[in-house]
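Okay, structure first, notes after.
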Amino acid sequence: MRFADFHPGMIIEAGPRRIEEAEMLAFARSYDPQWFHVDGKAAGQGRFGALIASGWQTCGIAMELAVRAVLHDSESFASPGVEQVRWPHPVMSGDELRLRAEVLEVRTSRSRPELGVLRWRWHLLNQDGKEVLELTATSLFDLTPEAARS
């Protein structure tokens, strides 16, 4: 999508994206090797009764869906950050995840008018409609004439 296509209140949906145990384990072993992400036996005795995906992997899946649905071939070039990250429910092996993003604000930068600023709230939901991730992100877009031609 192009920056000009966004408007406040717009809802963008993407997915589903299935996650399997092997993918969860590979990510967790490399980046978040806590016992409830990497030790199936211990996790089976834990609070959730099974391995759960790392919240950071959940963020990555949401990003993957946002890129596929919105940011690929856009003028987007960076993000200055997120205002919050919440993981209300765990992601389990076999979950089908989908992204629901709401556009909160679309404007040009006050200090650099060649930059577009998009604030949007992401909700990642599993197949049962349970929210597994909520975050509010800001994305920056290059509004120079050169970017518009690409």
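Values quoted throughout were computed directly from the atomic coordinates according to the rules given, and no laboratory measurement underlies them. This is a predicted model, so every value here is computed, not measured. Heads up, the Cβs are rebuilt from the backbone with ideal geometry, glycines too, and the neighbour counts pull from every protein chain shown.
Values computed for the structure shown
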read-out	value
Residue check, Gly129 touching a Leu at 6+ places or on another chain (Cβ under 9 Å) and either more than 19 Å from Gly15 (Cβ to Cβ) or of a type outside the set (S, T, N, Q) (or both)	no
Pick from segment 79-95, criterion aliphatic (A, V, I, L, M) and in a strand (DSSP E or B), ranking: farthest from Leu118 (Cα to Cα)	Val85
Residue under evaluation Gly94, criteria (1) touching a residue at least 12 places away in the same chain (Cβ under 8 Å); (2) on the phi < 0 side of the Ramachandran plot, criterion not met	(2)
Candidates Leu135, Leu104 - the one that is under 21 Å from Glu13 (Cα atoms), touching an Asp or Glu at 6+ places or on another chain (Cβ under 9 Å) and not in a helix (DSSP H, G or I)	Leu135
Looking only at segment 15-45, and only at residues there that are surrounded by 14 or more Cβ atoms within 10 Å (Cβ to Cβ) and in a loop (DSSP other than H, G, I, E, B), the one that is nearest to the chain's Cα centre (by Cα)	Ile19
Scope segment 34-59; condition out of contact with any helix residue (DSSP H, G or I) (no Cβ under 6 Å at 6 or more places or on another chain) and free of Cβ contacts under 8 Å to residues at least 24 places away in the same chain; matching residues	Gln34, Asp39, Gly40, Lys41, Gly44, Gln45, Arg47, Gly49
Matching residues, segment 56-78, being farther than 16 Å from Arg2 by Cα and either of a type in the set (Ser, Thr, Tyr) or in a strand (DSSP E or B) (or both)	Thr58
Selected residue (only one of Gly81, Gly49 is closer than 18 Å to Lys130 by Cα and exposed (fewer than 13 other Cβ atoms within 10 Å of the Cβ))	Gly49
